[in-house]
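This report concerns only the one structure given below.
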Amino acid sequence: MFKLRKSNRGRYLHGFKCKGISNTRLVNCHGIGLRALYLLILIFVCTQNSNGQDITALRSKALLIISDTTAIDSVSINAFNAKIRMKDVLVDTSNYHIDGIRSQLIWKGPLPTDSIEIIYQRFPIMFDQVFRRRSMDLIQPEDVYLENPYTYRPVTSNQSVFGSTELNKTGSISRGVGFGNNQDLTVNSTLSLQLNGKINDRISILASVTDDNIPIQPDGSTAQLQEFDRVFIQLYDDKSKLTAGDFFISRPLGYFTTYYKRAQGISFATNTPIKSGSEKNFFTETSAALSRGKFARNIIIGQEGNQGPYPLRGNENETFIIVLAGTERVFIDGLEMKRGQENDYIIDYNTSEITFTARRLINKDKRIAVEFQYSDANYSRSMMQTSTGVKTKKYKAYVNFFSEQDARNQPLQQDLTDRDRQILAGVGDNVLEAIAPSATEIDVFNNDQVLYSLVDTLGFDSVYVRVTEEGQRVYQVSFSEVGQGNGDYVQDGFDATGRIFRWVAPEFVNGTLVRQGSFAPIRRLVAPRKNQILMAGIDYQVTENTTAQMEAGFSNSDQNTFSERDNSDNYSHGLFTKVQHTQPLSKDPKAFKIIGDVMFESIGNNFQPIEPYRSVEFNRDWNLTQTLLSRYQNIVTTGLALQKP
């Protein structure tokens, strides 16, 4: 680019610029011939310097059009002299448009099926790109470079792992060294950490973390328990809660679905509007965990003047069980008692014994019922639970599901052989008949064990008699308590090697052979079980004073998942409806009200809830036996009450 400018000293060529020449000024040019010569020299120099970027050279490229917009080159092109040929025929410009700045071909009509040839002239750069020597981000705002450098600002440090200063942390770390005359040096380490507070503006945390598995339970002599082995992490906000570790789940909305479980896993609960501004709220409580315990209910016959301790037993009459802390409910004459030395009872969770205080004097007429969860380590037990629904001011609709099952291929305290599995598969739901012999032949005699030999005596064969020396075929035998009169062995003391049992011959009483012992050389096989319940229901506010409830579903209870026998009675239905109306006698809010309700309940044969949903006095109120409780039942109840607030 150049231009001519006049001055007092003559004519100038001013501002000529090309690559390699910057601000070149040619002065003192007199005469038209000389001026033209200089002009030719300058054009020749610029042309020679621009040979590396031949911007006048034409390009020819074959393109296959697969979309309406196709890139031509990596730099801008001259769109005015570009031409397109298809099969050596020039294509009319009405069929396409060339964007030279962006180097794009825009096809207007139907896309050609054959490739095209485009002839164009390219520029050395892309004109729509931004070129700059320095970034605009380097420009500092005024509040930075006008800041007073002598202003004091204290340095703040946030050392929290979670990036929050509102997090409270307490805990301890301990180190220990143990040694003795019969053991090597050992180093013990324990960690106990408690967290609570806010992680950020919305989410809070509550956690109790420890790496020490304490094998003891809290003292059951106080109303509040200090639990040692509860490990969990809980994240929550105003609407939701997520818990991982040890937690409790309790009875949800509904009639049949009743439970209070201690579990170890993960649980999520939320109560949030379906959409912003909606009166419909979605709620759920969903858990997947390992069940820590098994439910049992004991009916205790009180003794005159005996406050305890009264032992608790498992569902299969197990004597040595561990009650899970805080899961018990104790009733006397239908009233629930309160734990604590200053209240009604105390309980030893490790020995499974309950003792009543002087506030509740026990006699033979007291009706004592104890419900609890106890540790059952025969199988690994999994649990899934959900209570999900929608609620508004008018109604609450929900679905409850609970499933608890033993993993039959993961026995814990019992070792099941193939023969044991065959026995369990053959007994069906009659799990009391799942009995296996307990004798194991020993190849080498050992004085450190109580061993027995198999002999015939008094006309009876296969009698186990203890031996104390070698020379005979010996067996290691375990004896199970079967009740007085149901076995042929009694305990005959013990020594340093263990308990000793002695065979007792049966006797004839009134012509009948009666056993005299309470132990037998057998093993009771515990069958894996499964219990599930699915219920759907609705609570509806018909009018201001009238409500209606309905719930229906079924239970699935298998007493022996090893066996396919007796599975026809696993499923059973449950139905519940109730209508209640409240009629004030006047408009005065303190006036009397008449309350009337009608309820209908129906359950099928062998309906099995997770835990009893009826009151502990239900059997006594209706004079029902356990046999009648497992049969088909229809109950209609109506009531009328007069109430004054």
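Each reported figure results from applying straightforward, stated rules to the coordinates on display, with no laboratory input. Keep in mind it's a predicted model, so treat the numbers as computed, not measured. So basically every Cβ, Gly included, is an ideal-geometry build from the backbone, and we count neighbours across all protein chains shown.
Brief remarks on what is shown
- Additional length obtainable on full extension of the chain from Arg359 to Arg297, 0.36 nm per residue less Cα span: 20.0 nm
- Matching label, Cα Rg over 2.2 N^0.38 Å computed from the structure shown, candidates [x] 1.76; [y] 1.26; [z] 1.36: [x]
- The stretch 529-577, relative contact order in percent, only Cα pairs under 8 angstrom and at least six apart counted: 40
- Sequentially through the stretch 187-194, phi angles give Karplus couplings (6.51, -1.76, 1.60; θ = phi - 60°) of 10, 10, 9, 10, 9, 9, 9, 10 Hz, Gly and Pro residues having no value and appearing as x.
- Counting only lysines at least 8 places from Lys83 when in the same chain, those with an alpha carbon closer than 28 Å to its own are Lys61, Lys108.
- Relative contact order for the chain, counting Cα pairs under 8 Å that sit 6 or more residues apart, in percent: 7
- Karplus-derived HN-Hα couplings along the stretch 74-83 (A = 6.51, B = -1.76, C = 1.60, θ = phi - 60°), whole Hz, x at Gly and Pro: 8, 10, 5, 10, 8, 7, 7, 10, 6, 10
- Convex hull volume per residue for the stretch 303-343, taking Cα atoms only, in Å³: 125
- Out-of-range pairs (alpha-carbon distance over 21 Å; input Lys280/Lys396; Lys294/Lys364; Lys198/Lys241; Lys338/Lys578; Lys280/Lys578): Lys294/Lys364; Lys338/Lys578; Lys280/Lys578
- When peptides 58-66, 100-108 are ranked by their average number of other Cβ atoms within 10 Å per residue, the highest-first order is 100-108, 58-66.
- For the peptides 124-136, 198-210, 531-543, residues were scored by their other Cβ atoms within 10 Å and the scores averaged per peptide; the highest-first order is 531-543, 198-210, 124-136.
- Set of lysines near Lys587 by C-alpha distance (under 24 Å), chain-local residues within fewer than 8 positions excluded: Lys393, Lys394, Lys644
- The chain - mean residue ellipticity at 222 nm from DSSP helices (-39,500 (n - 2.57) per run, n ≥ 4, rounded to 500): -1500 deg cm²/dmol
- Aspartates and glutamates with Cα under 15 Å of Lys391, excluding same-chain neighbours fewer than 8 positions away: Glu279, Glu285, Asp539
- Computed as a quarter of the hull surface, the mean projected area of the alpha carbon convex hull for the stretch 359-483 stands at 17.9 nm².
- Annotation: amide H of Asp429 has no partner in the under-5 Å range at sequence separation 5 or more or interchain, hydrogens built in the peptide plane.
- Helix 418-427 axis, angle to the chain major axis (alpha carbon atoms, nearest 10°): 70
- Sequence ranges 71-78, 558-565, ranked by mean other-Cβ count within 10 angstrom, highest first: 558-565, 71-78
- Cα-based helix-to-principal-axis angle, 32-49 vs the chain, degrees rounded to 10: 30
- Take every pair of alpha-carbon atoms less than 8 Å apart whose residues are at least six positions apart; their mean separation over the length of the stretch 56-123 yields a relative contact order of 53 percent.
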